[in-house]
1. Which one, Tyr203, Leu70, Leu45, is farthest towards the positive end of the dipole of the chain when Lys and Arg carry +1 and Asp and Glu -1 on their Cβ?
2. Once a ≥ b ≥ c are taken as the square roots of the eigenvalues of the Cα gyration tensor of segment 21-168, is the result rounded (a/c under 1.5), prolate (a/b larger than b/c) or oblate (a/b not larger than b/c)?
3. Specify the longest stretch of the chain that does not include any exposed loop site, a site being one of the GluC sites (Glu not before Pro) with a non-H, G, I, E, B DSSP assignment and at most 12 other Cβ atoms within 10 Å.
4. How far is the Cα center of segment 143-213 from the Cα center of segment 22-55, in Å?
5. Report, in debye and to the nearest 20, how large the dipole of the chain comes out about its Cα centre when Lys and Arg carry +1 and Asp and Glu carry -1 on their Cβ.
6. In segment 81-159, what trypsin sites (Lys or Arg not before Pro) fall in a loop by DSSP, with at most 15 other Cβ atoms inside 10 Å?
7. Taking log10 I(q)/I(0) by the Debye sum over Cα atoms at q = 0.07, 0.10, 0.12 Å⁻¹ straight from the coordinates, which label in [x] -0.69, -0.89, -1.04; [y] -0.28, -0.60, -0.89; [z] -0.39, -0.69, -0.87 is the correct one?
8. Report relative contact order for the chain in percent, whole number only (criteria: Cα-Cα under 8 Å, sequence separation at least 6).
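All of the numbers you see were taken from the coordinates with simple rules; none came from a lab. Keep in mind it's a predicted model, so treat the numbers as computed, not measured. Cβ: placed from backbone, ideal geometry, glycine included. Neighbour counts: every protein chain shown.
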Amino acid sequence: MIKDLAIINFQSHKNSYLTFTKGLNVITGSSDSGKTAVLRSLLWLINNRPSGDAIRNWDCSEKDVIGTVLTLHDDTTITKNRINGKSSYIMEDKKFDAIKTDVPEEVIDILNLSELNIQPQHQSYFLLNDSAGEVSKKLNIITGLDIIDHLFSRINSEIHVINTEIKINEKEVASLDEKIKELSYLDDAFVKYERLEEEAEEYKEMVEDKNILENRIQAYRKIDLEKKSTEKTLKLEQTVKELASMVEEYTSLEKNKAKLESLWTKYNNNTWCIDKLDKEIKSFQKKYNETIRNNPICPLLNIECKELKNYDK
């Protein structure tokens, strides 16, 4: 049961406060004293309508807070605020966002109020001017029997949704059956796919073996190139040794040649001297012979020169 109602920035009354008692509460007052503002604030909290800023006082700016604070007899406080274009409920320090015209279930459960609990000033007498159907409907709401109508309505709605889903699913199943028939060739394709997988594995192994063989071949080729290069190097070393030997021999021959040239020069010089000496000897021999012939008796020894005994006169 409602105990207190506080109104902040509603219509022409910026701040109002009202206390309720148990039982029937009647709000009286002169025109334009704020009776309608009280009812509107209460209905705004209970129904979350009207939406938007229609409830805002014209004198308020958009940044001003508008709200209703409702205190129940068990001192539970329910606050509804609208700040910066957003509405929210606060109950027992818990905040609930108000989405469109929906009221949080926690607030509905603890209030247990509806529009039937509030009678505006100009509304017709309760139930007297209503049709039998309207009276029955309102009585069902008051006694809680309307839950049966809501339940049947919800069940029928869910049945309709389920039947619709069944039809949709049946169509999808039929469509899937057709697709399954169209895809019946996939069985053979699956067998081929498995075979291809096996062949792919074999091919992969062959490629790996091929790569291993290629690496080995490249290694062998590299070794062969290094071998040939080594052989060339060895041949070059042998050639270098032979050339070194030839150079040594050539150097030795050069030295011998120089010696021979020196000997030859000396020989030529000696030959010239020998010829000269031969000529001088012949000249001396001739002079000697002439001297002997001209002097048969040695002037020193005073003897006959024996050398002349064979002398041919």
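1. Of Tyr203, Leu70, Leu45, it is Tyr203.
2. Verdict is oblate for segment 21-168.
3. It runs 93-313.
4. Using only Cα atoms to place each centre, the spacing works out to 57 Å.
5. Result for the chain is approximately 3260 debye, rounded to the nearest 20.
6. Lys100
7. Recomputing log10 I(q)/I(0) by the Debye sum over Cα atoms at q = 0.07, 0.10, 0.12 Å⁻¹ here picks out [x].
8. Averaging sequence separation for qualifying contacts and normalising by length gives 9 percent for the chain.
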